[in-house]
């Protein structure tokens, strides 16, 4: 099945893809992230950084792998909280961001209609009716389960 190095590289590559997609949505399609969306990106940035460091310093792989596990757990908790906020189970008043239009007329109309604020409970981007934060949660859960399965497989091998 999968071993630790394959899981490590898969998490690293999919983190790059996830961040690239988020930045594409923000800067090219003008979907402004809320505060929790931005917080969710932090573990990804750290995973990418640690992944790059691992390419140059391979002898500390086990430490980097533990850091990945910690970052995946942080990502799971953050995206879980964000998902609960998005569907309205938890209220988080700080979950909003502002998007400023480039045209002065659009800015005036947006200010008058109060449409600049993006809140978690009104997630502006869903795929198949599911908010992106929930996909993030599933991504983190999948990799955490994969890591646990790999550790369990190694423990069974040691016992035999």
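In region 18-46, what residues are free of Cβ contacts under 8 Å to residues at least 12 places away in the same chain and not in a helix (DSSP H, G or I)?
28, 29
Taking region 79-90 as the region of interest, how many residues are surrounded by fewer than 21 Cβ atoms within 10 Å (Cβ to Cβ) and assigned to a helix (DSSP H, G or I)? Walk me through it before giving the result.
In the first step, residues of region 79-90 are kept if they are surrounded by fewer than 21 Cβ atoms within 10 Å (Cβ to Cβ); the result is 80-81, 84, 87-90.
Next cut, assigned to a helix (DSSP H, G or I) only: 80-81, 84.
Here the count works out to 3.
Return yes when residue 51 is outside any helix (DSSP H, G or I) and either at pLDDT below 85 or more than 13 Å from residue 132 (Cα to Cα) (or both) and no when it is not.
Numbers: outside any helix (DSSP H, G or I): no; either at pLDDT below 85 or more than 13 Å from residue 132 (Cα to Cα) (or both): yes.
No: the conditions fail for residue 51.
What about residue 144, is it within 18 Å of the chain's Cα centre (by Cα), at pLDDT 80 or above and over 24 Å from residue 7 (Cβ atoms)? Break it down into steps so the answer makes sense when it comes.
Numbers: within 18 Å of the chain's Cα centre (by Cα): yes; at pLDDT 80 or above: yes; over 24 Å from residue 7 (Cβ atoms): no.
For residue 144, the condition - within 18 Å of the chain's Cα centre (by Cα), at pLDDT 80 or above and over 24 Å from residue 7 (Cβ atoms) - is not met.
Determine which member of the set 100, 111 is at pLDDT below 80, farther than 24 Å from residue 14 by Cβ and not in a helix (DSSP H, G or I). Quick ask: steps written out before the conclusion?
On the way: 111 fails: not in a helix (DSSP H, G or I).
Among 100, 111, only 100 is at pLDDT below 80, farther than 24 Å from residue 14 by Cβ and not in a helix (DSSP H, G or I).
The values are calculated or read from the model by the stated rules, or taken from the named source; none is laboratory data. This structure is a prediction, so every number in the text was calculated from the model and none was measured. Virtual Cβ from ideal backbone geometry, glycine too; neighbours counted across all protein chains shown.
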